[in-house]
Amino acid sequence: MHISFTRHDPDISQSCKAVTEYLDKENTSREREYEEFMEDIENQALSDFDKQIELQNLFFSQDDNEQEVFLNQNSATDLIDANVSSRAKERESKFFILNISPSKDELQQLNEIVGAELKAAGIGEKETQLLSQSESGAKQLEIMRNDLMHQCLREYTKDVMRDYAQNFNRKVYNNPGNLPTQKEEKQINSETRKELAEMKIDRKDPGYAQKYQEIREQKAAELGRDLSVRKMTEKDLVWIAKVEEKRTYKGNDKWVIENRKAQREIKKLEAEDKPDREKIALLKAQLHTDRTTGEIVREGLKKGGQQYHVHVVVSRYDNCPNARYKGSISPLAHHRNSRMAGKIAQVGFDRDSFFKKIEQSFDERFKYERRDSYEKFNEQKKLRTGKNTRTRHATKAVSVLSKPVRDELYKASGAEELQKLDVRNAVSRELGFRVPLSIPKTPLQLATQTVRSAIAKITDTSKGY
């Protein structure tokens with residue numbers, strides 16, 4: 001699992017609008033592909049499945065009371081832009097971008113889970129083969145698998161943001177609606193420092209920070225205010241995210257640069273009066289090609305294979321409604337104990353610990369047996385450089401998909417009727433992510449029609465028609 005952090009550049013813009021507009025770029029092609037598929041279906045009424053597919057074009061965020069939260073591009077932009085501390089500096093990054101990129105092996109594990117989930121819901125190898133015999137049936141399978149991948153990655157992103165929040169080891173206020181005013185806070189801080197001085201406890205004392213907080217809470221309580229704190233969780237973060245399915249080669253990619261240089265040399269050699277054919281052939285053979293498609297790599301070329309990844313835009317500040325008390329949190333901060341807003345606070349982010357934890361979260365959620373870990377890579381890197389060395393239970397049933405598919409497909413094919421599927425045995429419940437998918441009435445009708453058509457042809461052939 002690879003996760004990178006990108007800092008917002010406040011010199012370009014104070015808003016994240018450009019970022020959210022960029023992340024919306026896949027919507028047009030996705031909508032067009034789905035609409036073309038739906039044109040082949042007689043009943044165009046919006047089903048639950050249609051609505052679910054539309055969610056792929058929206059941003060998602062932290063669940064609210066176990067319900068998924070989705071936002072359009074404007075609402076997502078406003079959520080990040082509005083969450084700013086009154087102490088924010090103009091040239092300070094207001095948000096950070098996390099790029100979550102599963103490895104090839106991790107994506108394969110998700111594919112296997114998707115296949116197992118569909119099988120548990122009634123679409124096994126036999127049904128898959130029958131559906132794959134027609135273009136429309138194959139498209140339906142692709143849509144269902146893709147939607148499951150989106151759901152898996154949304155759930156995992158929430159795990160990542162949980163680990164992100166925990167890694168800061170920060171405190172937030174228990175009662176943000178009853179915090180002191182600016183004048184009251186100055187009085188509380190002054191009296192606290194004076195009392196600590198009388199107790200002869202200075203800043204170098206290991207227990208200074210804890211004692212400072214205890215006295216501040218006491219002084220605030222005397223004024224009828226509440227400065228008590230608790231550990232920060234993912235619910236205190238402000239973030240939005242989007243699952244993406246495609247990647248293209250950028251102009252500054254190493255392979256693009258090297259190919260561009262080689263192609264210039266090839267063009268120069270070919271223009272000579274007596275071209276060196278052997279050298280030209282050698283240069284062409286050395287051009288980088290996409291490992292999946294075999295196409296010569298160039299700027300703008302779509303990368304082959306599955307390219308699922310997630311972009312997260314997370315605010316620099318927690319979601320305290322009082323702008324004066326919003327805490328500043330940066331994943332790029334190296335230091336540990338420091339001063340923030342006049343108070344001692346742990347503001348650093350331990351990236352090594354974070355990378356290990358998010359791998360562990362993936363392994364636990366998706367039952368993945370990891371061979372190449374970040375820790376192993378780090379140890380090998382140290383040797384090369386000479387240095388020393390939640391599970392959420394699903395609450396939705398698969399019956400929306402499983403019962404009609406089971407009844408229709410097995411009845412039409414003449415196969416023995418299966419016992420009723422038990423949702424308690426569903427793969428989604430075992431793994432703890434929110435599947436199943438809402439499945440479709442219209443695509444389901446198409447699946448049934450496809451299977452029936454295939455069976456009818458086989459029957460007709462056997463009778464000699």
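Is it true that ALA88 is touching a strand residue (DSSP E or B) at 6+ places or on another chain (Cβ under 6 Å), of a type in the set (Gly, Ala, Ser), surrounded by 15 or more Cβ atoms within 10 Å (Cβ to Cβ) and under 20 Å from ILE329 (Cβ atoms)? Criteria not met by ALA88. Taking region 168-206 as the range and being touching a strand residue (DSSP E or B) at 6+ places or on another chain (Cβ under 9 Å) and not polar (S, T, N, Q) as the test, the residues that pass are PHE168, ARG170, LYS171, VAL172, TYR173, LEU179, ARG203.
Here GLU54 fits the description: over 30 Å from LYS126 (Cβ atoms), part of a helix (DSSP H, G or I) and modelled with pLDDT under 90.
One residue alone among GLN140, GLN133 is more than 30 Å from ARG316 (Cβ to Cβ) and either of a type in the set (Ser, Thr, Tyr) or touching a Phe, Trp or Tyr at 6+ places or on another chain (Cβ under 9 Å) (or both), and that residue is GLN140.
Listed here are the residues, each with its yes/no results for (1) touching a Leu at 6+ places or on another chain (Cβ under 8 Å); (2) assigned to a helix (DSSP H, G or I).
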site: ARG264; (1), (2): no, yes
site: ASP273; (1), (2): no, no
site: LEU283; (1), (2): yes, yes
site: ARG291; (1), (2): no, no
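Which of the residues belonging to region 168-187 are polar (S, T, N, Q) and either crowded, with 22+ Cβ neighbours inside 10 Å or at positive phi (or both)? ASN169 - this is the single residue of region 168-187 that is polar (S, T, N, Q) and either crowded, with 22+ Cβ neighbours inside 10 Å or at positive phi (or both). Inclusion of ALA45 among residues that are small (Gly, Ala, Ser) and modelled with pLDDT of 65 or more is not warranted.
Only one of the listed residues (ALA165, ALA209) is aliphatic (A, V, I, L, M) and touching a strand residue (DSSP E or B) at 6+ places or on another chain (Cβ under 6 Å). That residue is ALA209.
Would you say ILE240 is closer than 25 Å to GLU185 by Cβ, among the aliphatic types (A, V, I, L, M) and surrounded by 14 or more Cβ atoms within 10 Å (Cβ to Cβ)?
Judged against the criteria, ILE240 is not a match.
Is it the case that region 164-181 has a residue that's under 24 Å from LEU55 (Cα atoms), in a helix (DSSP H, G or I) and within 28 Å of the chain's Cα centre (by Cα)? No, there is no match, as no residue in region 164-181 is under 24 Å from LEU55 (Cα atoms), in a helix (DSSP H, G or I) and within 28 Å of the chain's Cα centre (by Cα).
Scanning region 344-381 for residues that are at pLDDT below 75, aromatic (Phe, Trp, Tyr) and either touching a Phe, Trp or Tyr at 6+ places or on another chain (Cβ under 6 Å) or under 12 Å from PRO331 (Cα atoms) (or both) turns up just one, TYR374.
Yes or no: LYS246 in contact with a strand residue (DSSP E or B) (Cβ under 9 Å, 6 or more places away or on another chain) and either surrounded by fewer than 17 Cβ atoms within 10 Å (Cβ to Cβ) or modelled with pLDDT under 95 (or both)? Talk me through it step by step, then tell me what you get.
Details: in contact with a strand residue (DSSP E or B) (Cβ under 9 Å, 6 or more places away or on another chain): yes; either surrounded by fewer than 17 Cβ atoms within 10 Å (Cβ to Cβ) or modelled with pLDDT under 95 (or both): yes.
Yes; evaluated as a whole, the condition is true for this residue.
Considering each of ARG154, ARG145 in turn, give the residue that is assigned by TED's automatic domain parsing to the domain that holds LEU71, of a type outside the set (A, V, I, L, M), at pLDDT below 90 and closer than 30 Å to GLU359 by Cα.
Working: ARG154 fails: at pLDDT below 90.
Matching residue, one of ARG154, ARG145: ARG145.
The values are calculated or read from the model by the stated rules, or taken from the named source; none is laboratory data. Computed from a predicted structure; not experimentally measured. No Cβ is skipped: glycine too gets one built from the backbone with ideal geometry, and neighbour counts run over all protein chains shown.
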